[in-house]
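The values are calculated or read from the model by the stated rules, or taken from the named source; none is laboratory data. Nothing here was measured: the structure is a model prediction, and the numbers come from that model. All Cβ positions, even for glycine, are placed from backbone atoms using ideal geometry, and neighbour counts span all protein chains on display. For accessibility, only protein heavy atoms count, side chains too; no ligands or nucleic acids. Shrake-Rupley method; radii C 1.70, N 1.55, O 1.52, S 1.80 Å.
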Amino acid sequence: MIERARSTSVLAIVLGGALGLIAATQTWLNVIVDDGANQALEVTGSAALPLLTPLSLAAMALGVVLSLAGRVLRYVFGVIAVVIGAALLVQTIPVLTGVPLSAVAPAITKATGISGDDAVSALVGSVSLTTWPIVAIVAWILLVVAGGFVLLTASRWRTGTSRYRTGVAQHHGDGPLDAVDSWDELSRGDDPTS
């Protein structure tokens with residue numbers, strides 16, 4: 001299991017971020033506005049939780065960078081994954097338990113032009129949930145678990161190859177340098193013509 005810890009962690013974090021990003025574009029709430037016309041509004045995840053899209057993108061980027069990170073950064077990224085997942089979990093649970101006015105107010109204000117908590121609250125006729133907030137909760141739990149898994153296993157991950165490290169000579173031999181070796185020499189600051 002430890003041999004696959006890095007790939008499992010990276011995949012889980014990227015998957016959690018991707019699920020969150022997909023959920024951000026989907027309808028979370030169907031609101032009936034009690035304004036005489038009883039118009040129906042669809043509230044997307046990003047409208048209900050404005051931080052949903054940026055934090056989901058951050059989680060995806062974190063997963064990709066984690067695949068190249070050294071030992072110390074693995075722990076830092078593991079903590080960040082747990083914090084992102086926990087923060088989004090704390091923000092998403094109120095949408096499931098009792099829709100907060102802040103989740104539907106922007107959509108109602110945009111549709112009716114009426115603002116203010118009391119006025120908007122009076123316009124909310126009914127609110128129904130879709131399954132996308134539940135998908136988002138699963139994504140956040142996956143992020144928290146994956147971040148915890150990184151913290152538990154990061155010390156046993158194999159280190160990266162020397163291909164990505166500077167200052168390490170790659171050319172081992174007495175033969176002539178090929179074009180790639182010459183560029184590598186230049187990247188390290190050595191003159192391959194000398």
Checked region 80-102 for anything within 11 Å of VAL127 (Cα to Cα), among the β-branched types (Val, Ile, Thr) and either touching a Ser or Thr at 6+ places or on another chain (Cβ under 8 Å) or part of a helix (DSSP H, G or I) (or both); matches are VAL95
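Say whether the condition of being in a helix (DSSP H, G or I), of a type in the set (A, V, I, L, M, F, W, C) and either farther than 30 Å from THR8 by Cα or in contact with a Ser or Thr (Cβ under 9 Å, 6 or more places away or on another chain) (or both) is met by at least one residue in region 111-119.
Our first condition is that a residue be in a helix (DSSP H, G or I); within region 111-119, this holds for 111-112, 117-119.
Next, only the ones that are of a type in the set (A, V, I, L, M, F, W, C) stay: 111, 119.
Now drop any that are not either farther than 30 Å from THR8 by Cα or in contact with a Ser or Thr (Cβ under 9 Å, 6 or more places away or on another chain) (or both), which leaves 111, 119.
The answer is yes; a qualifying residue exists.
So for region 34-48 (the condition being touching a Gly at 6+ places or on another chain (Cβ under 7 Å) and at pLDDT 90 or above), does at least one residue qualify? Outline the logic, then answer.
Quick first cut of region 34-48, residues touching a Gly at 6+ places or on another chain (Cβ under 7 Å) only: 34, 38.
Now restrict to residues that are at pLDDT 90 or above: none.
Within region 34-48, not a single residue is touching a Gly at 6+ places or on another chain (Cβ under 7 Å) and at pLDDT 90 or above.
Do we find that LEU41 is part of a strand (DSSP E or B), in contact with a helix residue (DSSP H, G or I) (Cβ under 6 Å, 6 or more places away or on another chain) and either open to solvent by 50 Å² or more (accessible area, probe 1.4 Å) or not β-branched (Val, Ile, Thr) (or both) in this structure?
Values: part of a strand (DSSP E or B): yes; in contact with a helix residue (DSSP H, G or I) (Cβ under 6 Å, 6 or more places away or on another chain): yes; either open to solvent by 50 Å² or more (accessible area, probe 1.4 Å) or not β-branched (Val, Ile, Thr) (or both): yes.
Yes; evaluated as a whole, the condition is true for this residue.
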Pick from region 25-38, criterion assigned to a strand (DSSP E or B) and touching a Leu at 6+ places or on another chain (Cβ under 9 Å), ranking: surrounded by the most Cβ atoms within 10 Å (Cβ to Cβ):
TRP28
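Yes/no matrix, rows are residues, columns are (1) open to solvent by less than 40 Å² (accessible area, probe 1.4 Å); (2) of a type in the set (Gly, Ala, Ser); (3) at pLDDT 70 or above:
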site: ILE108; (1), (2), (3): yes, no, yes
site: LEU123; (1), (2), (3): yes, no, yes
site: THR131; (1), (2), (3): no, no, yes
site: ASP178; (1), (2), (3): no, no, no
Looking at region 55-69 only, could you name the residues that are open to solvent by 70 Å² or more (accessible area, probe 1.4 Å) and either without any contact (Cβ under 8 Å) to a residue 40 or more places away in the chain or under 14 Å from the mean Cα position of the chain (by Cα) (or both)?
LEU57, VAL64, VAL65
